[in-house]
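The values are calculated or read from the model by the stated rules, or taken from the named source; none is laboratory data. Owing to the predicted nature of the structure, the values given are computational and were not obtained by experimental measurement. As a convention, Cβ positions derive from the backbone with ideal geometry for all residues, glycine included, and neighbour counts pool all protein chains shown.
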């Protein structure tokens, strides 16, 4: 059930990321065309590209990128016994999940505070621009809890 829900969320994040990336590409092409064909610098295009890219990075990394595809320092991990790997996996999940869980209230509070600030050109509210970071943090925390549950269960090798 949890694995199926995870696949659905990952697929939705993939579709969202593809649409956002297509948006970045179209805005980029539009900006180049306007610069060289109409001799007009389109200031809003840079801002839209940056905002879309921010959303792509946080949504994809939080909801779509698998743990084994993340950058990790596993020189020690790969050379220890499976039981030690289990405990290192638990420690990693607790450390990453714990740090993000402890910082989540402050991060969400700051994101909410940003409603007062606006982007320079389009005047978009920054709380909406950076809401994806809150989604990223919650997604990573949930993923760490799932990993902890797998590592604590009888089929703990699936959690690695």
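Assorted remarks:
- Subset of segment 34-77 (residues that are surrounded by fewer than 11 Cβ atoms within 10 Å (Cβ to Cβ) and over 22 Å from residue 96 (Cβ atoms)): 36, 37, 38, 39, 41
- No other residue among 116, 125 is without any contact (Cβ under 8 Å) to a residue 24 or more places away in the chain and under 18 Å from residue 55 (Cα atoms) apart from 125.
- Taken together, 58, 73 contain a single residue that is modelled with pLDDT under 95 and either in the same structural domain as residue 149 (by TED's automatic domain parsing) or touching a helix residue (DSSP H, G or I) at 6+ places or on another chain (Cβ under 7 Å) (or both), which is 73.
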